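Comments concern the structure below.
The values are calculated or read from the model by the stated rules, or taken from the named source; none is laboratory data. Remember, predicted model here, so these are calculated numbers, not experimental data. Every residue, glycine as well, gets a Cβ built from its backbone with ideal geometry; the counts of neighbours run over all protein chains shown. Ligands, DNA and RNA are stripped out before the accessible areas are found, and what is left, the full protein with its side chains, is counted by its heavy atoms. Shrake-Rupley method; radii C 1.70, N 1.55, O 1.52, S 1.80 Å.
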Amino acid sequence: MKRRELLTQAAAAATGLALPNAFAQTASYPNRPIRLIVPFPAGVSPDVVARLIGDKLSNAMGQPVLIDNRPGAGGMIGALAAAATPADGYTLFYSVKASHAIAPNVYRDPKYNPPRDFKAVSQLLLVPHVLTATLKAPYNNMRELVDYAKKNPGKIDFASLGVGSQPHVALEAWSQRLGIKLNHVPYKTNPSPDVMSGVISLSVEASTTAIPLIKTGKVKALGISGAQRIPSLPDVPTMTEFDANLDVNGVIGSSWHGIFAPTGTPNDVIAKLNAEIVKIVKTPEIQARMLDLGLTPTGTTSAALDAVANSDYAFWNKVVNDLNIKVD
């Protein structure tokens with residue numbers, strides 16, 4: 001009995017040494033600024049929302065949340081930077097469907113694997129995209145675009161945020177389904193100014209940034225991804241209104257935004273971040289702001305976002321292979 005008591009006391013002592021230390025680390029988190037890597041340039045949809053959420057998260061966590069824009073390669077530059085950081089909760093990754101599920105399937109050697117390298121914190125929102133055109137374009141809706149493209153094959157340029165970005169792959173997929181040929185022009189910076197000036201004919205814009213441009217008459221809206229019109233753009237039809245099979249439920253053109261951490265980040269840190277982010281997304285202020293931008297706020301569990309992100313990764317692997325979009 002004496003030996004058993006000694007073993008029990010030793011085990012309790014070991015547990016006592018370990019648990020308070022772990023709890024102390026969690027209790028003190030965060031004790032320095034948090035970096036949120038955004039794999040897109042300033043001013044585009046993910047950056048707009050990241051700054052909105054980051055500002056509120058700074059107040060909730062008692063530490064600055066610093067936005068670190070790392071644009072390029074369809075979001076892969078930022079993803080690689082985030083995946084290589086310590087898994088301590090002090091570097092987070094603001095990801096979207098494109099950088100998480102599309103780009104790593106486009107590159108032959110992406111050097112990161114989202115299901116393996118990232119742990120979800122929370123999904124923030126769902127976002128439709130709008131196919132926008134320069135005011136100089138001789139078409140004003142999807143039917144006129146398709147007719148013009150068929151009569152002028154290869155003469156329409158479209159911009160994206162890089163090879164493998166969602167605007168790139170979405171337009172390639174839509175073009176294939178519509179039987180037209182468009183020319184892709186990848187950008188590292190926001191292509192909207194060139195669409196407005198007429199240097200580029202088309203661009204797929206997230207509703208966040210598309211709505212102000214459309215409402216101020218700087219670009220034309222041809223169609224919206226998904227099954228429903230955007231309330232703030234009631235006169236712009238959806239892709240499925242033009243062709244029922246073109247973008248069922250926004251599977252091609254719509255996206256999601258979410259926050260991730262490197263795999264290995266402590267579960268209690270993930271839980272703490274999730275709790276605060278979900279509270280932020282559920283506030284009336286953020287809900288109203290997102291809805292005004294044509295977004296659908298969500299605020300999910302970590303597990304729910306992991307499931308969606310991993311499913312999308314598998315779905316886009318097939319789409320990208322079918323389209324034969326590959327980059328060395």
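Along its first, second and third principal axes, ordered by size, the stretch 157-204 spans 28, 20, 13 Å in Cα coordinates.
Computed over the stretch 81-217, the percent of Cα pairs more than 26 Å apart is 32.
In a Gaussian network model over the chain where Cα atoms closer than 10 Å are linked, find which of P46, P33, P186 has the largest mean-square fluctuation. Maximum fluctuation in the GNM of the chain, among the listed residues, is at P33. A simple charge model with +1 on the Cβ of Lys and Arg, -1 on the Cβ of Asp and Glu and nothing else charged puts the dipole of the stretch 213-328 at about 320 debye relative to its Cα centre. Global size of the chain: 22.3, 92 Å for Rg and Dmax (C-alpha atoms, Rg to one decimal, Dmax whole).
Expressed as a whole percent, the accessible surface of the chain that belongs to carbon and sulfur atoms is 56, based on a 1.4 Å probe.
Computed from the C-beta positions of Q176 and A60, the FRET efficiency with R₀ = 45 Å rounds to 0.50. On the basis of the beta-carbon distance and an R0 of 41 Å, F315 and N31 show a calculated FRET efficiency of 0.55.
Please identify the helices of the chain, taking whole runs of DSSP H, that span at least 30 Å along their own axis as judged from the Cα atoms and have a mean Kyte-Doolittle score of -1.0 or higher. List each step's numbers first, then the result.
Working: long enough: 2-27 (37 Å, 0.12); 302-323 (31 Å, 0.15).
Span-like helices in the chain: 2-27, 302-323.
Normalising the Debye intensity of the stretch 24-129 to I(0), with uniform scatterers on Cα atoms only, and taking log10 at q = 0.16 Å⁻¹ returns -0.71. Here the label points at R51 and D147, each 7 Å from Cα along the C-beta direction, are separated by 4.1 nm in the simple model.
Relative contact order for the stretch 255-328: 24 percent, from Cα pairs under 8 Å spaced at least 6 residues apart, divided by residue count.
Structural size metrics of the stretch 251-291, computed from C-alpha coordinates, are Rg and Dmax of 13.3, 35 Å.
Working from the pairwise distances between different alpha carbons, so that the mean of 1/r is found and then inverted, what is the stretch 154-266's Kirkwood radius in Å?
Numbers: mean 1/r = 0.0662 Å⁻¹.
Evaluated on the stretch 154-266, it is 15.1 Å.
Taking all pairs of different Cα atoms in the stretch 217-328, averaging 1/r and flipping that mean, what Kirkwood radius in angstroms comes out?
One decimal place: 16.8 Å for the Kirkwood radius.
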